[in-house]
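The structure appears right after this line, and notes come after that.
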Amino acid sequence: MSYRAGKASLFRSRPQIGSVTLCVVTTAYLLAVTNTTFWIKAHSYLADTSPLAFGLFALGISAMCLAILTLFSAKYLVKPVLIFLVITASLSSWFTDQFGTIIDREMIRNAAVSTGAETAHLLTPRFMMHVVLTGLLPSLLIVWLRVRHRPFLSKFAHNAGIIIACVAVFAAAAFSDYRTFAGVGRAHNDILDRLNPFLPIANAVRYTIDANRDRNIVAQPIGTDAHRINTAALTKPRVTVIVAGETARAANFSLGGYQRDTNPQLKARGVTYFSNTTSCGTATAVSIPCMFSDLTRASYSHRKAAERQNLLDVLGYAKVSVTWLDNDTGHYNVADRVPYTFLPPSADPRFCKDGECLDGILTDKLNGWLDGIKGDSVLVLHQLGSHGPAYYARYPEEFRRFQPDCRANDFGKCSPQEIRNAYDNTILYTDHIVAQVIDTLKQRSGTLAGAVVYLSDHGESLGENGIYLHGMPYMVAPTEQTHVPLLFWLADDLAKDAGYDRGCLAKTTAEPRSHDNLFHSVLGLMDVSTKVYNPALDVFSGCRRAPGTVAAAEPVK
């Protein structure tokens, strides 16, 4: 038999299946194969309730999912929709099952601005095999099957009857133990967030609507009254470097009590470390706009932040020169109105490979920037930091202190200790980078008065409770993703000229701090007065004496 005849025979002998039956089979497949984490979480949330609660929950969810698929059980529509759902569920289930990820709107926003190199780190052979087995092969089976369809009116009545029956089953299941489900829903409002592919698709639609709506937003000015004060005390330009960290969690900073010495260089430089600091978000796309905004986490939203200017603009109104150097995924519109340089396209072989650069490229550019300053200035250095899963790619060979370290993008190939070792090496390298910034400013102490602020955008999960990476919805995010390091260093002459009491600052390091403090603390450091400045959120305001007063001599711990 010729190839063409065999191919024709294969398609002529295709088995037939009714459109609704295909929807039933696909629903069962999606719920059974691509929702492992969803069912595990749901069972754990309902385990201590009534004996029938989980069974009723599963029945209700299954009925509602079948109702949704049956809506699309029409000729020329059912196959494309089912294939789309299967492929989407396959993709989503990899991240929910392997990393514990919840694919909400903010996670999609963060993914939308990921670089090609970041995305490539996630496309491992095991990921590809997963998509082939759970997405591509079932989709090919749907393509191959011959689907029977009833006449239009008969189909409409039949499908409507099935949808009504499914909704009735869902309602009956929900109301039969409503008190239990309502209580569990209040205690665990993420119970449905892992339902593949329906919640990821719904959140993608929400993100798309938001992105289209926000496209024409123009940021409104804030702090236009900003001006410098105490300028008589200044004898040389005041320079503050803000190091915006990436994916560094406080739990692995030895400055905060971590057993491993991951911060030897910063410890030797007498920095002030705030040990009780929380982030605004669990993803860069949320935290970077939030930490530079005058909005607090309680009042922050993506749209609100986009509608108003930020810290960098207010500094500009006060005649402070501002520059942003980026080695991460961008500035998220924060640096729209200041000089900005995106470094990863650099071909500098000392730091860069495969579209990504080590953070050493930031400190390499620092002296050149300092050579060009002509007055009071602020520089933002946006790190690639500890961004996973390719932790091993974030530090050079000489910083492989903790071994064996995970040298793969696929955590399934590494032990928990190897993953932690690789992550700790990224923190060790960040320690070196921030110390280099401090040393560079020290070397220029004769011509400028320097300050350094380091603040990470969010933390990271390293497998605790089966969760990896970051981006969990804030309400259910583990502490590892929200407890972040905040530290600062102040030159001796700046401490004296600005009247900072180091002893006083050392006594405040355990007080609660957050991303809310960055906006106001930097304005305070730069002696900027404006109506939008809130001294209650300036971590330094309570420890300032009259400018020119000699600060306490003991080193800051």
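For region 3-213, state what percent of all Cα-Cα pairs lands in each successive 10 Å bin, counting from 0 Å until the bin that includes the largest distance.
Spelled out per bin, shortest first, that is 8, 28, 33, 23, 8, 1, 0.
Within region 436-459, list the residues whose amide N lies under 14 Å from a label point set 7 Å along Cα→Cβ of Ile373.
The answer is 437-453, whose backbone nitrogens lie closer than 14 Å to the label point.
Please name whichever of Ser461, Pro15, Leu141 sits farthest to the positive end of the charge dipole of the chain, dipole taken about the Cα centre and charges placed at Cβ: Lys and Arg +1, Asp and Glu -1.
Of the listed residues, the answer is Pro15.
Starting from the Cα of Lys304, draw a straight line to each of the aspartates and glutamates and keep only those under 13 Å, dropping any in the same chain fewer than 8 residues away.
Hits, sequence-local ones excluded: Asp210, Asp214, Asp294.
What residues of region 497-520 lie in the reach of a label at Ala298, counting those whose backbone N is under 19 Å from a point 7 Å from the Cα along Cα→Cβ?
511-520
Subtract the Cα-Cα distance of Glu398 and Val132 from 0.36 nm times their separation in residues, and report this length gain in nm to one decimal. Walk me through the numbers on the way to the answer.
Numbers: separation 266, 0.36 × 266 = 95.76 nm, distance 3.88 nm.
Gain in length upon complete extension: 91.9 nm.
Along the Cα-to-C-beta direction of Val476, a point sits 7 Å from the Cα; which residues of region 75-97 have their amide N less than 13 Å from that point?
96-97
Place the peptides 368-379, 212-223, 153-164 in order of packing, highest mean first, counting for every residue the other Cβ atoms within 10 Å and averaging per peptide.
Details: 368-379: 15.7, 212-223: 11.8, 153-164: 14.0.
Per-residue mean Cβ counts within 10 Å order the peptides as 368-379, 153-164, 212-223.
Could you give me the percent of Cα pairs per 10 Å distance bin for region 213-357, shortest bin first, beginning at zero and ending with the bin that holds the maximum distance?
Result returned by the calculation: 9, 29, 35, 24, 4.
For region 175-283, what is the relative contact order in percent, using Cα pairs closer than 8 Å and at least 6 residues apart in sequence? Show your work: numbers first, answer last.
On the way: 22 pairs, mean separation 9.9, N = 109.
Computed value for region 175-283: 9 percent relative contact order.
Quick one: if you take sqrt(5λ) for each eigenvalue of the C-alpha gyration tensor of region 103-176, what semi-axes come out, biggest first, whole angstrom?
Details: eigenvalues 283, 101, 33 Å².
Whole-Å semi-axes of the equivalent ellipsoid: 38, 23, 13.
Using percent of Cα pairs over 34 Å apart as the read-out, say which of [x] 48; [y] 43; [z] 57 was calculated from these coordinates.
[x]
Straight distance only, please: which lysines reach the Cα of Lys267 with their own Cα at less than 20 Å, same-chain residues fewer than 8 apart left out?
Of all the lysines, those that pass the test against Lys267 - Cα under 20 Å, at least 8 places apart if same chain - are Lys442, Lys507, Lys557.
By how many nm would the segment from Arg179 to Asp261 lengthen if fully extended, with 0.36 nm per residue of separation less the alpha-carbon distance? It would help to have the intermediate numbers written out before the result.
Numbers: separation 82, 0.36 × 82 = 29.52 nm, distance 5.02 nm.
Additional length available on full extension: 24.5 nm.
Find the cysteines in the chain that fail to meet the 4.7 Å Cβ criterion with every other cysteine, and list them.
Cysteines of the chain left without a disulfide-compatible partner: Cys23, Cys65, Cys166.
Can you tell me, using C-alpha contacts under 8 Å and at least 6 residues apart, the relative contact order of the chain as a whole percent?
Values: 963 pairs, mean separation 112.5, N = 557.
With pairs under 8 Å counted, the relative contact order is 20 percent.
Taking only Cα atoms, what is the 0 to 90° angle, nearest 10, from helix 198-214's long axis to the longest principal axis of the chain?
50 degrees
Calculate, for Phe84 and Asp492, the FRET efficiency according to 1/(1 + (r/R0)^6) with r their C-beta to C-beta distance and R0 56 Å; round to the nearest 0.05. Let's see the in-between values first.
Values: r = 63 Å, r/R0 = 1.12.
Computed FRET efficiency for Phe84 and Asp492 comes out at 0.35.
Using alpha carbons only, how many degrees (0 to 90, rounded to 10) separate the axis of helix 416-443 from the longest principal axis of the chain?
30 degrees
Which percent of Cα-Cα pairs in region 227-543 sits in each 20 Å bin, short to long?
Values per bin, smallest distances first: 34, 60, 6, 0.
Provide Rg over Rh for region 202-246; use the alpha carbon set for both Rg and the Kirkwood Rh (inverse mean inverse pair distance).
Details: Rg = 20.0 Å, Rh = 15.7 Å.
Rounded to two decimals, Rg/Rh equals 1.27.
Under 30 Å from the Cα of Lys79, which lysines turn up, not counting those fewer than eight places away in the same chain?
Leaving aside lysines fewer than 8 places away in the same chain, those within reach of Lys79 are Lys7, Lys155.
Looking only at the chain, where both bridge partners belong to it, what percent of the DSSP beta bridges are antiparallel (to the nearest 5)? Write down the numbers at each step before the final one.
Working: 17 of 46 bridges.
Of all bridge pairs located within the chain, approximately 35 percent are antiparallel.
If R₀ is 35 angstrom, what is the calculated FRET efficiency for the pair Thr508 and Ile201, using the beta carbon separation as r and rounding to 0.05?
On the way: r = 47 Å, r/R0 = 1.34.
E(calc), rounded to 0.05, equals 0.15.
Expressed in nm to one decimal, what extension gain is obtained for the pair Arg150 and Lys75 from 0.36 nm per residue of sequence separation less their Cα-Cα distance?
Numbers: separation 75, 0.36 × 75 = 27.00 nm, distance 0.93 nm.
Contour length minus the Cα-Cα distance gives 26.1 nm.
Let me have the 222 nm mean residue ellipticity of the chain computed from DSSP H runs of 4+ only, each contributing -39500 (n - 2.57), with the sum over all residues rounded to the nearest 500.
On the way: 22 runs with 251 residues, N = 557.
About -14000 deg cm²/dmol.
So how tilted is helix 152-176 from the main axis of the chain? Cα-based, degrees 0 to 90, rounded to 10.
The angle comes out near 60 degrees.
Only the coordinates and a few stated rules stand behind these numbers; no lab work does. Since we're looking at a predicted model, the values are computed, not measured. Cβ sites come from the backbone with ideal geometry, for glycine too, and all protein chains shown count toward neighbours.
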